[in-house]
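Trainee: Would you mind keeping the following structure in view while I ask a few things?
The values are calculated or read from the model by the stated rules, or taken from the named source; none is laboratory data. For clarity, every value in this text was computed on a predicted model and none was experimentally measured. A quick note on method: Cβ atoms are made from the backbone with ideal geometry, for glycine too, and the neighbour counts reach across all protein chains shown. In case anyone asks, the SASA skips ligands and DNA or RNA and just uses the protein heavy atoms, side chains included. Shrake-Rupley method; radii C 1.70, N 1.55, O 1.52, S 1.80 Å.
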Amino acid sequence: MTHLSAEPITPLKGVSRKEQLSEFWYYFSENRGAVMGFWVFLLLVVVALLAPVIAPHQPNEQFRDAVLVPPFWAEGGRLSFLLGTDQLGRDMLSRLIYGSRYSLFIGLVVTTVALVGGIIIGLIAGYFRGWVDTVIMRVMDIILAFPSLLLALVLVAVLGPGLMNAMIAIALVLQPHFVRLTRGAVMAEKSRDYVVAAKVAGAGHLRLMFRTILPNCTAPLIVQATLSFSNAILDAAALGFLGMGAQPPTPEWGTMLAEAREFILRAWWVVTFPGLAILVTVLAINLVGDGLRDALDPKLKRS
Amino acid sequence: MSGRTEGGAKERGLSFRPKSYRMNRALRLIRRRLLGALPVLLIVVVGSFLLLEAAPGDAVDAYAVSLGGDAGMIAALREAWGLDGTPFARLTAYLWSLLHLDLGQSVAFSRPVLDVVLERLPNTLLLMGAATALSFALGSALGIVAGSRPGSFRDRFLSIGSLALYAVPGFWLGLVLVVIFTVQLRWLPLSGMETIASGKTGFGRALDIARHLVLPVASLGFLYLALYLRMMRAGMAEVWRMDFVLAGRARGLSRSRIVLRHVARNALLPLVTMLGLQSAGMLGGSVVIESLFAIPGLGRLAQEAVGARDTPLLIGIILVSAVLVIAVNLLVDIAYAMLDPRVGAGEAQA
């Protein structure tokens with residue numbers, strides 16, 4: 001019975017945790033882009049947390065004498081409005097800084113909801129199999145085969161426009177990916193010796209699912225979570241742009257773009273900067289995701 | 001069989017039988033998929049019907065809010081539009097009329113849903129088709145350029161470029177392109193599908209539509225271009241390590257022959273699968289792009305239907321897009337089965 005070894009389970013705690021982390025960081029830092037993305041992301045988190053301290057003005061404060069002022073380096077720009085002002089005389093830089101709070105919040109909440117929901121549903125499908133599995137996977141396939149933005153649009157139509165409802169809709173659309181990943185990993189792990197050993201030792205269904213199997217399926221889930229994070233930010237911005245997400249005057253980047261759209265001919269900066277902010281955030285997260293994938297599992301390929 | 005010529009008999013010996021076998025396999029695949037698609041469509045229809053049932057307010061409410069009306073008129077409208085009765089009765093009535101290809105009456109347009117949807121569908125198909133062609137052709141070509149020498153300067157340049165492109169929101173790219181090509185350079189029109197009442201016909205009209213579609217297609221397709229480039233490059237990097245590439249080198253084949261015939265060809269297959277998977281995403285992306293460029297397509301229609309609480313129209317759009325996605329995936333699967341004889345053989349037998 002000695003060959004019933006618990007090979008892929010987390011090694012002994014204490015010493016190995018630190019070693020694991022340093023090994024992970026070694027592989028992660030091999031990828032220069034990932035490290036850069038990581039620092040940019042960290043900077044964004046700091047900016048979002050310290051927004052009231054850093055921002056020069058209130059995000060919704062209107063300066064009636066300064067409507068559509070260009071950035072400070074352009075002709076007619078003012079130093080008090082570094083990146084210019086929008087059509088209502090609000091400081092662009094302050095709005096962008098406060099907007100980072102929304103984007104990171106959206107990414108975090110959507111990813112968490114999709115991840116937790118997907119893990120639970122995927123565990124149930126992969127662990128119990130049978131008709132439960134068939135029904136769940138059929139429904140997931142339908143959600144996956146459906147235009148995500150269209151589905152989000154329909155859900156927003158049901159729930160009403162607003163940031164919260166947009167987030168629920170996006171989480172629902174992203175969650176099948178987690179279900180599939182978890183289910184696949186659970187099915188691969190379930191028949192391994194260490195699971196059988198735990199079962200023989202008398203572990204219940206819940207313990208088997210969450211304590212024994214789940215910790216060995218985390219690597220692909222973490223990578224998918226970073227992808228979902230950036231997807232959520234992009235989708236929320238698109239919904240905001242359609243007027244179905246965050247509502248004005250919220251300084252959410254997609255909503256800012258929708259509001260500024262008609263001033264595109266007169267003031268390039270009201271359209272350029274929010275888009276650049278989205279681009280930099282999403283790029284940083286994607287870079288981190290790439291690095292995580294390489295560091296956590298060299299065999300794991302983008303699907 | 002009796003009508004076959006002498007040439008056909010010669011064919012029979014070599015390529016005719018495998019060919020007919022392939023056709024049979026494709027036909028079986030189609031039959032199987034079509035049967036499998038029916039329950040999916042049923043679930044989609046019933047699901048969206050029940051989902052929209054839960055939405056507060058119906059089309060009559062939206063109508064009354066915008067145009068006013070007393071209680072008697074509202075009740076009469078409900079009856080005329082078939083919005084009275086229990087949800088279950090309405091669902092069965094809807095499914096029954098669906099059997100006769102009747103998708104009901106659009107409330108906002110006062111016309112049959114099918115007519116409205118079919119009127120908008122060609123524009124979306126044109127936009128999606130052009131964006132798919134652009135992204136697939138350019139993406140795989142650039143992927144071959146990047147993947148032919150992994151680690152070289154152009155590989156790193158293209159990889160970083162595609163990563164950046166992959167992070168650009170499509171609607172913002174559209175806005176930026178408008179600023180550059182419409183506002184600054186004045187090369188391309190701002191929005192719409194074609195110049196209204198230009199009186200152009202034939203080739204002139206086609207050219208006019210093409211000019212209008214350049215910016216929407218670019219903003220919709222560039223994201224997928226980046227995706228295909230990355231996939232192609234990753235696939236090629238993997239194939240380079242395979243034994244048959246080494247064997248090809250050992251036999252003294254030229255580098256370009258190895259790159260194109262041996263490496264790229266094998267790396268191309270996953271991209272074909274991706275083509276089908278991405279059709280749904282592209283349909284979603286076209287909602288935003290159509291709204292941005294004021295293109296009268298399916299996506300913009302969906303947005304209008306949401307705004308007007310036009311439930312029959314919205315369900316019709318959902319159904320048609322589901323059919324579209326299933327059809328595209330079926331086409332891709334058939335193409336795949338033709339390209340790779342190993343794929344789908346088991347499924348077709350069943």
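Trainee: Can you name the residue in region B:102-119 that is more than 20 Å from B:L77 (Cα to Cα) and at pLDDT 85 or above and is also surrounded by the fewest Cβ atoms within 10 Å (Cβ to Cβ) among such residues? Outline the logic, then answer.
Mentor: At the first step, the residues of region B:102-119 found to be more than 20 Å from B:L77 (Cα to Cα) are B:102, B:114-119.
Subset that is at pLDDT 85 or above: B:114-119.
Values: B:L114: 17, B:D115: 12, B:V116: 24, B:V117: 22, B:L118: 14, B:E119: 14.
Only one residue fits best here, namely B:D115.
Trainee: Further question on the same structure: Return a yes/no flag: does region B:192-205 have any residue that is closer than 30 Å to A:I233 by Cα and either in a helix (DSSP H, G or I) or more than 14 Å from every other protein chain (Cβ to nearest Cβ) (or both).
Mentor: Within region B:192-205, the subset closer than 30 Å to A:I233 by Cα is B:192-193.
Adding the requirement that they be either in a helix (DSSP H, G or I) or more than 14 Å from every other protein chain (Cβ to nearest Cβ) (or both) leaves B:192-193.
Taking every residue of region B:192-205 in turn, at least one turns out to be closer than 30 Å to A:I233 by Cα and either in a helix (DSSP H, G or I) or more than 14 Å from every other protein chain (Cβ to nearest Cβ) (or both).
Trainee: A further question on this structure: How about region A:1-109: which helices (runs of 4 or more DSSP H) wholly inside it have at least 2 residues that are modelled with pLDDT under 80 and more than 29 Å from A:A238 (Cβ to Cβ)?
Mentor: Values: elements: A:15-30, A:32-49, A:51-54.
Hits in region A:1-109: A:15-30.
Trainee: Does any residue of region B:128-139 turn out to be in contact with a Lys or Arg (Cβ under 7 Å, 6 or more places away or on another chain), under 12 Å from B:R233 (Cα atoms) and in contact (Cβ under 8 Å) with a residue 40 or more places away in the chain? It would help to see each step written out before you state the result.
Mentor: Taking region B:128-139 as the starting set, the residues that turn out to be in contact with a Lys or Arg (Cβ under 7 Å, 6 or more places away or on another chain) are none.
No, every residue in region B:128-139 fails to be in contact with a Lys or Arg (Cβ under 7 Å, 6 or more places away or on another chain), under 12 Å from B:R233 (Cα atoms) and in contact (Cβ under 8 Å) with a residue 40 or more places away in the chain.
Trainee: Of all residues in region A:118-136, which are open to solvent by 20 Å² or more (accessible area, probe 1.4 Å), in a helix (DSSP H, G or I) and more than 12 Å from chain B (Cβ to nearest Cβ)?
Mentor: Here is the first cut: in region A:118-136, the residues open to solvent by 20 Å² or more (accessible area, probe 1.4 Å) are A:119-121, A:124, A:128-132, A:134-136.
Still in the list and also in a helix (DSSP H, G or I): A:119-121, A:124, A:128, A:130-132, A:134-136.
Correct list: A:I119, A:I120, A:I121, A:I124, A:F128, A:G130, A:W131, A:V132, A:I136.
Trainee: Sticking with this structure for a sec: With region A:158-261 as the region, which helices (runs of 4 or more DSSP H) entirely inside it contain at least 3 residues that are farther than 30 Å from B:V168 by Cβ? Spell out how you get there, then give the answer.
Mentor: Values: elements: A:163-190, A:193-200, A:218-241, A:253-260.
Counting at least 3 such residues, we get A:163-190, A:193-200.
Trainee: How many residues, within region B:97-156, are outside any helix (DSSP H, G or I) and of a type in the set (V, I, T)? Don't jump to the end; show me each part of the working.
Mentor: Filtering region B:97-156 for residues outside any helix (DSSP H, G or I) gives B:100-112, B:149-152.
With of a type in the set (V, I, T) added as a condition, the list becomes B:107.
Residues in region B:97-156 being outside any helix (DSSP H, G or I) and of a type in the set (V, I, T): 1 in total.
Trainee: Right, another one. Please find, within region A:145-176, the residue that is surrounded by the fewest Cβ atoms within 10 Å (Cβ to Cβ) out of those that are within 11 Å of another protein chain (Cβ to nearest Cβ) and of a type in the set (V, I, T).
Mentor: Only one residue fits best here, namely A:V158.
Trainee: Let me ask something else about it. Have a look at A:V186, A:V200, A:V179 and point out the one that is more than 30 Å from A:P70 (Cβ to Cβ), modelled with pLDDT of 90 or more and not small (G, A, S). Don't jump to the end; show me each part of the working.
Mentor: On the way: A:V186 fails: modelled with pLDDT of 90 or more; A:V200 fails: modelled with pLDDT of 90 or more.
None of the others qualify; the one that does is A:V179.
Trainee: Considering only region A:246-269, state which residues are at pLDDT below 85, farther than 21 Å from A:L82 by Cα and within 12 Å of another protein chain (Cβ to nearest Cβ).
Mentor: Of everything in region A:246-269, just one residue is at pLDDT below 85, farther than 21 Å from A:L82 by Cα and within 12 Å of another protein chain (Cβ to nearest Cβ), namely A:E262.
Trainee: Now for a different question. So which pairs qualify, if the first residue must be in region B:202-226 and in contact (Cβ under 8 Å) with a residue 40 or more places away in the chain, the second must be of a type in the set (V, I, T) and crowded, with 24+ Cβ neighbours inside 10 Å, the Cβ gap must be under 6 Å, and the two must be at least 6 apart or on different chains?
Mentor: Short answer, once both residue conditions are applied: B:P216/B:I289; B:S219/B:I289; B:L220/B:I289.
Trainee: Return the only residue of A:F28, A:F81, A:F63 being open to solvent by less than 70 Å² (accessible area, probe 1.4 Å) and under 16 Å from A:A295 (Cβ atoms). So that I can check it myself, show each step before the final result.
Mentor: Numbers: A:F81 fails: under 16 Å from A:A295 (Cβ atoms); A:F63 fails: under 16 Å from A:A295 (Cβ atoms).
So the residue among A:F28, A:F81, A:F63 that is open to solvent by less than 70 Å² (accessible area, probe 1.4 Å) and under 16 Å from A:A295 (Cβ atoms) is A:F28.
Trainee: Further question on the same structure: Hey, which of the helices (runs of 4 or more DSSP H) in region B:239-331, taking only ones fully inside, have at least 2 residues that are more than 12 Å from the chain's Cα centre (by Cα), more than 12 Å from chain A (Cβ to nearest Cβ) and touching a residue at least 24 places away in the same chain (Cβ under 8 Å)?
Mentor: On the way: elements: B:243-250, B:265-293, B:298-307.
Helices (runs of 4 or more DSSP H) meeting the threshold: B:265-293.
Trainee: While we're looking at this one, here's another question. Restricting attention to region A:221-245, and to residues there that are small (G, A, S) and facing chain B (nearest Cβ under 9 Å), which single residue is most open to solvent (accessible area, probe 1.4 Å)? Walk me through it before giving the result.
Mentor: Here is the first cut: in region A:221-245, the ones small (G, A, S) are A:225, A:228, A:230, A:232, A:236-238, A:240, A:243, A:245.
Add one more test, that the residue is facing chain B (nearest Cβ under 9 Å), and what stays is A:230, A:237-238, A:243.
Details: A:S230: 5, A:A237: 2, A:A238: 8, A:G243: 36 Å².
The selected residue is A:G243.
Trainee: If you don't mind, there's one more thing I want to ask. Within region B:33-62, work out how many residues are at pLDDT below 80 and either in contact with a Ser or Thr (Cβ under 9 Å, 6 or more places away or on another chain) or among the basic types (K, R) (or both).
Mentor: Counting residues in region B:33-62 that are at pLDDT below 80 and either in contact with a Ser or Thr (Cβ under 9 Å, 6 or more places away or on another chain) or among the basic types (K, R) (or both) gives 6.
Trainee: Regarding B:L175, is this residue in contact (Cβ under 8 Å) with a residue 40 or more places away in the chain, surrounded by 20 or more Cβ atoms within 10 Å (Cβ to Cβ) and over 17 Å from B:L227 (Cβ atoms)?
Mentor: yes
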